[in-house]
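Comments concern the structure below.
The values are calculated or read from the model by the stated rules, or taken from the named source; none is laboratory data. The structure displayed is predicted, hence computed values, not measured ones. With ideal geometry, Cβ positions are generated from the backbone for all residues, glycine too; neighbour counts draw on all protein chains shown.
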Amino acid sequence: MCRATRIAVALVGLILAAPAAADVMIHVGHNKLEPAEVKIKAGETVVFHNMDEMPGGHTVVSDDGELSSPPLELDGKWSHTFVMPGRHGFHIKEHPKARATVVVE
């Protein structure tokens, strides 16, 4: 293998081994979504992670009604990749006062 090919193979290996951007996480709990606001870039993913046990689970719903998670049991996760810039509000169906906003730039 020539030197240029070895360098190219090494560079491809480095690129493939590079960690992907970490997802942003919002923790779901009894009467709370934390943090209350996250900022991301278009194309990034937000993970909603249920941290509290509740009979029937917690359901995360967008304020506009367009998105809804399945009921999340303890340690359950639901994610969404945001492509549209703007402010996207969410709440917990079982606890409507528990709110969070995803700001997509």
Practice problem: Give me the pairs, please: first residue somewhere in region 73-100 and without any contact (Cβ under 8 Å) to a residue 24 or more places away in the chain, second residue anywhere and surrounded by 16 or more Cβ atoms within 10 Å (Cβ to Cβ), beta-carbon distance under 7 Å, and either six or more positions apart or on two chains. | Solution: Glu73/Asn50; Glu73/Gly57; Gly86/Val104; Arg87/Thr101
Self-check item: Sole exception among (1) surrounded by 18 or more Cβ atoms within 10 Å (Cβ to Cβ); (2) at positive phi; (3) of a type in the set (Asp, Glu) for Glu44, by number
Solution: (2)
Exercise. Being at pLDDT below 95 and touching a Ser or Thr at 6+ places or on another chain (Cβ under 6 Å) is the filter here, so list the residues in region 39-98 that pass it.
Key: none
